[in-house]
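Q: My questions will all concern the structure given below.
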Amino acid sequence: MTLLVDTSVWSLAFRRDSPPDDPEVVQLATALAGTEDVVTTGIIQLELLQGFIPARVQQTLEERFAAMTLVEPRREDYVAAARLGRRCREAGVQLGTVDSLIAQVAIAHDLTLLTADRDFKHAAKYIPLKLWVPRAEA
C-alpha cells in the first residue's frame, strides 16, 4: 500500500502535545520506518510548511519531503476534483477546494489517504477514496 499522508497527520506528528499513541501518527512513523511507501503532493507540503511550526521542525519537514516521491495533479484532476466536491456537497458533506484536490490525487494514483480529518472520512462514503483505517476499526 502506498500512503498519501494528509496535512492533519503531519501536524499531529510534529505537535508537542500530540498523544504519542494517536493511531494515525503511529502509522506514519511505522510507514516512514520502511513498512509502506509514503508519497506527498505539493499542496500538502504548502499547507504544512506555511503553518505555525518552529524553524527546527520546518527544517526536518523539508528534509523528509525532499526524500519523498512527489505526486502532482494533472489538468484533468482539477476538473475531477471539482466534481468530487460537488458530489459531496450534494450529499450534504462539505469538502473544501484543497481537500477535493487531495482526494482526487489519491484516487487518480490509487493511493491510500492517511488522515485525521473527519471531512475526508465523511466524503469517502460518497466518493471512491481509500482511507487508511486502524486495525481495530477495519
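The values are calculated or read from the model by the stated rules, or taken from the named source; none is laboratory data. Everything numeric here is computed off the predicted structure, so don't read it as measured data. A quick note on method: Cβ atoms are made from the backbone with ideal geometry, for glycine too, and the neighbour counts reach across all protein chains shown.
Q: In segment 1-54, what count of residues is obtained for those that are acidic (Asp, Glu), over 15 Å from residue 67 (Cβ atoms) and touching a residue at least 24 places away in the same chain (Cβ under 8 Å)?
A: Selection size over segment 1-54: 4.
Q: Same structure, new question: If I ask for residues that are closer than 22 Å to residue 12 by Cα and among the charged types (D, E, K, R), which ones from segment 105-138 would you list?
A: 117, 118, 119, 121, 130, 135, 137, listed by residue number.
Q: Then there's this: Output the residues belonging to segment 62-114 that are surrounded by 15 or more Cβ atoms within 10 Å (Cβ to Cβ), hydroxyl-bearing (Ser, Thr, Tyr) and part of a helix (DSSP H, G or I).
A: 100
Q: Condition check: more than 27 Å from residue 136 (Cβ to Cβ) and either among the aromatic types (Phe, Trp, Tyr) or surrounded by 14 or more Cβ atoms within 10 Å (Cβ to Cβ) (or both). Does residue 53 satisfy that?
A: Considered against the rule, which asks whether it is more than 27 Å from residue 136 (Cβ to Cβ) and either among the aromatic types (Phe, Trp, Tyr) or surrounded by 14 or more Cβ atoms within 10 Å (Cβ to Cβ) (or both), residue 53 comes out as yes.
Q: Then there's this: Go through the residues of segment 119-137 one by one and say whether even a single one is more than 21 Å from residue 1 (Cβ to Cβ), part of a helix (DSSP H, G or I), among the aliphatic types (A, V, I, L, M) and at pLDDT 95 or above.
A: no
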